[in-house]
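Asks: Before anything else, here's the structure in question.
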Amino acid sequence: MTTARRELVDPTVTRWYHCISRCVRAAFLMADEKGDRKQWVEDRLKILNDNFAVSVGGFAVLDSHLHVLCRLDPEAAKLWSAEEVVRRWIHVYPPKTLDFKDQDAVDTWIKHHAKDAKRVETLRQRLADLGWFMKSLKEPLARMANKADGCRGTFWEARYKSIAILDDEALLATCAYIDLNIVAAGIADTPEASKHTSIKQRVDHVRRKGELGTLRAAASGSVPGSQATGDLEQDHWLVPIEDRRVKDSQSREGMLETFSLGSYLMLVDYTGRLARGGKARMSSALKDVFSRLETNAEMWQHRLGRMLASSSNLRGTFFATGANTISVIAKERNRQIINLAPQVSSE
């Protein structure tokens with residue numbers, strides 16, 4: 001029996017969700033020769049990230065499906081003025097009759113529509129809603145692809161899958177799993193060479209800043225290098241890996257405290273080598289990473305191995321690395337949540 005989305009997505013339980021959407025019949029509908037469709041998804045994600053109260057922490061666009069790691073920020077939407085709500089909405093859905101080159105006309109249009117309080121609140125709710133985020137990502141691409149192919153019909157499976165991420169290690173594992181999808185599929189040899197993924201976006205951003213040397217030092221285990229990477233993602237559109245607000249209250253909210261981009265790249269590179277060849281050298285710096293995560297290499301390898309082996313068919317609606325977390329959620333919702341595999345649960 002299908003579970004209502006409102007029971008699966010609840011910011012009071014967790015703000016992080018792994019969303020998976022597949023093309024109809026698992027067809028390779030994203031695999032156009034120029035790669036325009038995948039790039040469109042990547043570009044569209046940035047637009048939605050900049051205007052919704054939903055932030056993107058990771059993504060991977062493949063031939064037949066896509067993964068997006070989303071963080072819900074509903075409290076941010078409550079602080080927007082009426083005009084800000086309307087302005088954000090028209091960046092997502094530009095009115096055809098509005099000339100965006102005429103800033104005075106745009107400002108007048110926004111002020112006029114901001115007076116409709118009921119409409120503004122409807123738009124505010126949509127801009128904080130995960131379902132509307134996914135709808136705004138998928139529907140325009142479906143129309144564009146059908147037009148390019150000269151056909152009609154369904155492009156995406158009707159319903160996207162959302163998996164609630166319940167703890168920090170599950171969040172890190174999900175992010176790594178998404179970034180390693182292209183490597184696991186044998187399309188790319190290394191994570192940073194994986195086109196249309198968040199990890200390539202992060203590395204390319206650092207490259208444009210001329211800081212690849214710092215990133216390489218961090219990824220090789222250098223403590224100074226790791227510390228220096230903390231500021232590199234503050235001006236990038238993706239959610240930063242490291243949450244530096246304890247060190248600097250002016251920093252953007254990131255994923256994990258005291259866990260830098262350099263440490264993340266080192267962990268993903270190690271996991272990618274395991275996925276390709278089944279073995280990889282464990283550095284002392286990586287051992288320290290596992291220690292800080294309160295896990296070990298064997299548990300991490302087993303967990304990611306099971307996830308990558310499942311490809312896009314991950315089961316379950318909740319993901320946690322601790323049985324206690326699952327038990328609490330099951331008790332609160334008065335549901336039986338069954339462990340289908342280590343660390344993964346399903347209703």
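The values are calculated or read from the model by the stated rules, or taken from the named source; none is laboratory data. As the structure is a computational prediction, the values presented were derived from the model and not from experiment. Cβ placement follows ideal geometry from the backbone for every residue including glycine, while neighbour counts extend to all protein chains displayed.
Asks: Would a scan of the range 237-244 turn up a residue that is in the same structural domain as residue 282 (by TED's automatic domain parsing), modelled with pLDDT of 90 or more and surrounded by fewer than 16 Cβ atoms within 10 Å (Cβ to Cβ)?
Replies: Yes; the residues of the range 237-244 include at least one that is in the same structural domain as residue 282 (by TED's automatic domain parsing), modelled with pLDDT of 90 or more and surrounded by fewer than 16 Cβ atoms within 10 Å (Cβ to Cβ).
Asks: To continue, here is another question. Which pairs do you get when a residue that is surrounded by 15 or more Cβ atoms within 10 Å (Cβ to Cβ), found in the range 295-307, comes within reach of a residue that is hydrophobic (A, V, I, L, M, F, W, C) and outside any helix (DSSP H, G or I), reach meaning Cβ atoms under 7 angstrom, with the pair 6+ apart or on two chains?
Replies: If the second residue must be hydrophobic (A, V, I, L, M, F, W, C) and outside any helix (DSSP H, G or I), the pairs left are 297/282; 306/341; 307/314.
Asks: Continuing with the same structure: With (1) more than 18 Å from residue 176 (Cα to Cα); (2) in contact with a Leu (Cβ under 8 Å, 6 or more places away or on another chain); (3) modelled with pLDDT of 80 or more as the list, and residue 207 as the residue in question, which single condition is left unmet?
Replies: It is condition (2) that residue 207 fails.
Asks: Still on this model: What are the residues in the range 177-189 that are in contact (Cβ under 8 Å) with a residue 60 or more places away in the chain and either of a type in the set (Asp, Glu) or closer than 11 Å to residue 275 by Cβ (or both), if any?
Replies: Passing the criteria: 177, 179, 180, 181, 182, 183, 184, 185, 189.
Asks: Looking for whichever is under 24 Å from residue 183 (Cβ atoms), in contact with a strand residue (DSSP E or B) (Cβ under 7 Å, 6 or more places away or on another chain) and modelled with pLDDT under 90 here; the options are 8, 29, 66. Which one fits?
Replies: 29
Asks: Among the residues of the range 109-140, how many are hydrophobic (A, V, I, L, M, F, W, C) and closer than 27 Å to residue 23 by Cα?
Replies: Here the count works out to 7.
Asks: Being surrounded by fewer than 23 Cβ atoms within 10 Å (Cβ to Cβ), at pLDDT 90 or above and closer than 16 Å to residue 22 by Cβ is the filter here, so list the residues in the range 159-195 that pass it.
Replies: Across the range 159-195, the qualifying residues are 160, 161, 162.
Asks: Could you tell me which of the residues 96, 135, 101, 78 is more than 17 Å from residue 24 (Cα to Cα), of a type in the set (Lys, Arg) and at pLDDT 95 or above?
Replies: 78
Asks: Would you pick out the residues in the range 164-194 that are part of a helix (DSSP H, G or I), under 30 Å from residue 11 (Cα atoms) and of a type in the set (D, E, K, R)?
Replies: Residues satisfying the conditions are 168, 169, 179.
Asks: Here are the criteria: (1) closer than 27 Å to residue 158 by Cα; (2) part of a loop (DSSP other than H, G, I, E, B); (3) of a type outside the set (Lys, Arg). Tell me which single one residue 125 does not satisfy.
Replies: Going through the list (1) closer than 27 Å to residue 158 by Cα; (2) part of a loop (DSSP other than H, G, I, E, B); (3) of a type outside the set (Lys, Arg), residue 125 breaks only (2).
Asks: Among 295, 258, 271, 214, which is of a type in the set (Val, Ile, Thr) and modelled with pLDDT under 80?
Replies: Going through 295, 258, 271, 214 in turn, the sole match is 214.
Asks: When you go through 116, 189, 149 one by one, which is the residue that is closer than 30 Å to residue 264 by Cβ and not β-branched (Val, Ile, Thr)?
Replies: 189
Asks: Still on this model: Just for the range 92-117: of the residues that are β-branched (Val, Ile, Thr) and within 24 Å of residue 132 (Cβ to Cβ), which one is surrounded by the most Cβ atoms within 10 Å (Cβ to Cβ)?
Replies: My answer is 92.
Asks: Related question: Taking residue 276 as meeting all but one of (1) part of a helix (DSSP H, G or I); (2) modelled with pLDDT of 75 or more, write down the number of the exception.
Replies: (2)
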